[in-house]
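Student: So that we are looking at the same thing, I have put the structure below in structure tokens.
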Amino acid sequence: MSPEAHQVREASGLVHLTARELAARIRTRELSAREVVQAHLDRIDQVNGPVNAVVTCVAERALDEARTADEAAAHGAPLGPLHGLPVAHKDTHDTRGVRTTYGTPLLADNVPDRDELIVERIRAAGAITIGKTNVPEFAAGSHTVNPVFGATRNPYDLSRSAGGSSGGAAAALACGMHPLADGSDMGGSLRNPASFCNVVGLRPSPGRVPSWPDTTPWSTMAVQGPMARTVADAALLLSVVAGPDPRSPIALETPGSAFGGPLERDLRGLRIAWSPDLGGAVPVDREVRDVLAPAVTVFSALGCAVEEACPELSGADEVFRTFRAWQFHLALGALLETSADRMKPSLVRNVRQGGTLTGIDLERATVLHGELFHRVREFFERYDVLVLPTSQVVPFPVELEYPGDVDGVPMADYLDWMRSAYLVSATGSPALSVPAGFTPGGLPVGLQIVGPHRGDLRVLQIGHAFEQATRHGERRPGVPR
């Protein structure tokens, strides 16, 4: 093998290492930040074309930052936990000096002059920005396609969706374009793409990862959080982005460092509630059920007591849809007067729906929300976690806006097929999607692990144990053609 070919092979291997291993090797100077960043930029050049996950790449800036990072290490400067690691930020997260489009023609040339809080924290921890990841328009819906950049395709099958709204982040992680990714989740946007792309996505408890700037700072429905290829790497990123901040009125006081340690935990005696369809509340495709069925045996073998059960979720659908429509109108209502014809129709309908809400509608949703919280709180007094499908379907054809039916049940709109995720959002519980296997056709399926309010560490520990027992997340896609 020629020296050049050997270098290419070695660089290619770097993109499959975990974020924790890369960070450790950079810290000991076994690897330089420049080597790591260049390897990931090369990977983007190699595989991003057909996948379309990283939609803006700032290679020159990234290499300049990597040189600065190496100089800091050489001079013995204190190094952050993400020192030298390349990260591409979700294209709805404002990033200073980098084009941030929100997937809409209305902001196609938008270049923010400051980082929003999650980006600010990731960069302060030493990470290097290499670009932005694709999203649906204004992050609306769980299929990543927009009129600015087009669709992100699933790297396990390019004819299929990568999910959304953090679909670009999930697909890029699966392909090795970067080792960590930030995302956001209102109705499943960190979890559904993780399930579709065989990676890990955590919807944290509201306030765990504070948001700023935020037009609805008291709201608990939309959160930001980490994505990675392993649960431990997701916890590493959470340790950086979590923690109090005076700019967020709901920020939790627990420091992020609480999530940075080992995740090993003895699961013997834990009480697992398994619900393949939330007690009949959601239809689930047979392929998904078949892939997830062995999970019960896995948890039993780990010493858990598993029984079929789920919380009573009446009102959760109304709570989610009401507050979602209200927030969409608050954020985007002014655009309807001038730009409705330049926005996707399903988004326009949601925004208009929010404009028709009355005070009585919001009162009712608020009461239902409180009742739901307490029923779920009491449920988690009897069980340690709830386990269920992340998504009700396997990755669907990329040409569709959403699946027309699930297990033969017609879907009324582009939200219906996401109910296994968005009903959980309404509860305020942390929820982790972890790789759980593949269909006979090679499509990934994720398992959703839901914990009590503020039980983020618990779901990470249990997800880590499941991951280590099954190793499904180690199956990576081939090079897309």
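Student: Which percent of the accessible heavy-atom area of the chain goes to carbon and sulfur, probe 1.4 angstrom?
Tutor: 52 percent
Student: Can you give me the three principal axis dimensions of the chain from its C-alpha atoms, in Å, biggest first?
Tutor: So the extents along the principal axes, rounded to whole Å, are 65, 59, 45.
Student: Which of the three applies to the stretch 416-481, rounded, prolate or oblate, going by the alpha-carbon gyration tensor with a ≥ b ≥ c and a/c under 1.5 meaning rounded?
Tutor: Here the stretch 416-481 falls in the oblate category.
Student: Here's another thing I want to ask about it. Could you compute the FRET efficiency for THR68 and THR18, with r as their C-beta to C-beta distance and R0 at 22 Å, rounded to 0.05? Working shown, then result.
Tutor: Details: r = 24 Å, r/R0 = 1.09.
E between THR68 and THR18, to the nearest 0.05, is 0.35.
Student: How much FRET efficiency would the formula 1/(1 + (r/R0)^6) give for LEU330 and ARG61, where r is the Cβ-Cβ distance and R0 is 22 Å, rounded to 0.05?
Tutor: According to the calculation, E is roughly 0.05.
Student: With charges only on Cβ, +1 for K and R and -1 for D and E, what is the dipole size of the chain about its Cα centre, in debye, rounded to 20?
Tutor: The dipole of the chain has a size of about 500 debye.
Student: Using 7 Å Cα-to-Cβ label points, what is the ARG268/ASP413 separation (nm, one decimal)?
Tutor: 5.0 nm
Student: Could you state the number of Å between the C-alpha centres of the stretch 271-326 and the stretch 392-467?
Tutor: Result: 9 Å between the Cα centres.
Student: What's the long-distance tail for the stretch 132-250, i.e. % of Cα pairs beyond 16 Å?
Tutor: Above the 16 Å cut-off, the stretch 132-250 has 57 percent of its Cα pairs.
Student: Output wanted: per-residue J couplings in Hz (rounded whole) for the stretch 445-460, from phi through Karplus 6.51 cos²θ - 1.76 cosθ + 1.60, θ = phi - 60°, x for Gly and Pro.
Tutor: Values per residue, Gly and Pro as x: 9, x, 9, 9, 10, 10, x, x, 3, 6, x, 4, 5, 4, 5, 5 Hz.
Student: Say the dipole of the stretch 357-481 comes from +1 at the beta carbon of Lys and Arg and -1 at that of Asp and Glu; which of MET411, LEU362, SER429 then lies farthest toward its positive end?
Tutor: Comparing the listed Cα positions along the dipole, SER429 ranks first.
Student: Give me the 1.4 Å probe accessible area per residue for the stretch 359-473, excluding ligands and nucleic acids, in Å².
Tutor: On the way: 3980 Å² over 115 residues.
Result: 35 Å² of accessible area for each residue.
Student: Then there is this: Using the C-alpha atoms of the stretch 341-441, what convex hull volume per residue, in cubic angstrom, is computed?
Tutor: So the per-residue hull volume is 160 Å³.
Student: Also: In whole angstrom, note down how far apart the Cα centers of the stretch 21-66 and the stretch 211-257 are.
Tutor: One Cα centre to the other: 25 Å.
Student: Might you tell me the accessible area per residue for the stretch 65-213, computed with a 1.4 Å probe and given in Å²?
Tutor: Averaged over the residues of the stretch 65-213, the accessible area is 23 Å².
Student: Given an 8 Å cut-off on Cα distances and at least 6 residues of separation, report the relative contact order of the chain as a percent.
Tutor: Relative CO of the chain lands at 16 percent.
Student: Now for a separate question. Given the options ALA174, GLY150, ASN110, identify the residue whose Cα lies farthest towards the positive end of the charge dipole of the stretch 107-227 (+1 on Cβ of Lys, Arg; -1 on Cβ of Asp, Glu).
Tutor: It is ALA174, whose Cα lies furthest towards the positive end.
Student: Per Stokes-Einstein, at 4 °C and 1.567 mPa s, what whole-number D in µm² s⁻¹ belongs to the stretch 335-394, with the Kirkwood radius over Cα pairs as the hydrodynamic radius?
Tutor: After rounding, the answer is 85 µm²/s.
The values are calculated or read from the model by the stated rules, or taken from the named source; none is laboratory data. Bear in mind the structure is a predicted one, so any value in this text is a computation, not a measurement. Glycine gets a Cβ as well: all are built from the backbone with ideal geometry, and neighbour counts include every protein chain shown. Calculation scope for accessible area: heavy atoms of the full protein, side chains included, ligands and nucleic acids excluded. Shrake-Rupley method; radii C 1.70, N 1.55, O 1.52, S 1.80 Å.
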